[in-house]
Amino acid sequence: MALPQNLRVKGSNFPMVEAITLSTVGEASLAMKAIVLAVVGMGITIAVYGTVALIVKADDFGVALASRNRPWSAIGRGIVHTMPLVLSTLRAYPKTPERLNVM
């Protein structure tokens, strides 16, 4: 099922999630639809910020593991050495013309 043009946003899947959520609620009351959308929105927000927090704290976790005994220290050093590559990869993706000319 294709989304209507007014629900499509370039580079974002969240309007699609909201449209699917509304379609599954069906003939519920307006208050129930608002509650369901609020819960889904909060869930998406928590998931996104949680993922960012995990990425940011992964380096600290690696440092903490590196100070322990083997094999944890090797795993910690691996995390610390890998995180710059992970962060630079995340920063570089996606390089589309729409996202490069934001200003």
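The values are calculated or read from the model by the stated rules, or taken from the named source; none is laboratory data. What you see is a predicted model, and the numbers here were worked out from it, not measured in a lab. So basically every Cβ, Gly included, is an ideal-geometry build from the backbone, and we count neighbours across all protein chains shown.
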Task: Subset of the stretch 45-63 [surrounded by 14 or more Cβ atoms within 10 Å (Cβ to Cβ), small (Gly, Ala, Ser) and out of contact with any Lys or Arg (no Cβ under 8 Å at 6 or more places or on another chain)] - done: Ala58
Open item on the list: Residue pairs, Cβ under 6 Å, 6 or more apart or interchain, first in the stretch 29-45 and among the basic types (Lys, Arg), second modelled with pLDDT under 85. List them.
Closed with: Lys33/Val25
Task: Restricting the stretch 8-31 to residues that are surrounded by 11 or more Cβ atoms within 10 Å (Cβ to Cβ) and β-branched (Val, Ile, Thr), the residue that is modelled with the lowest pLDDT - done: Val9
Open item on the list: So in the stretch 73-96, with the set limited to residues that are exposed (fewer than 10 other Cβ atoms within 10 Å of the Cβ) and more than 20 Å from Val63 (Cβ to Cβ), which one is modelled with the lowest pLDDT?
Closed with: Lys95
- [ ] Determine if the stretch 32-42 includes at least one residue that is aliphatic (A, V, I, L, M), over 25 Å from the mean Cα position of the chain (by Cα), in a helix (DSSP H, G or I) and at pLDDT below 95.
- [x] yes
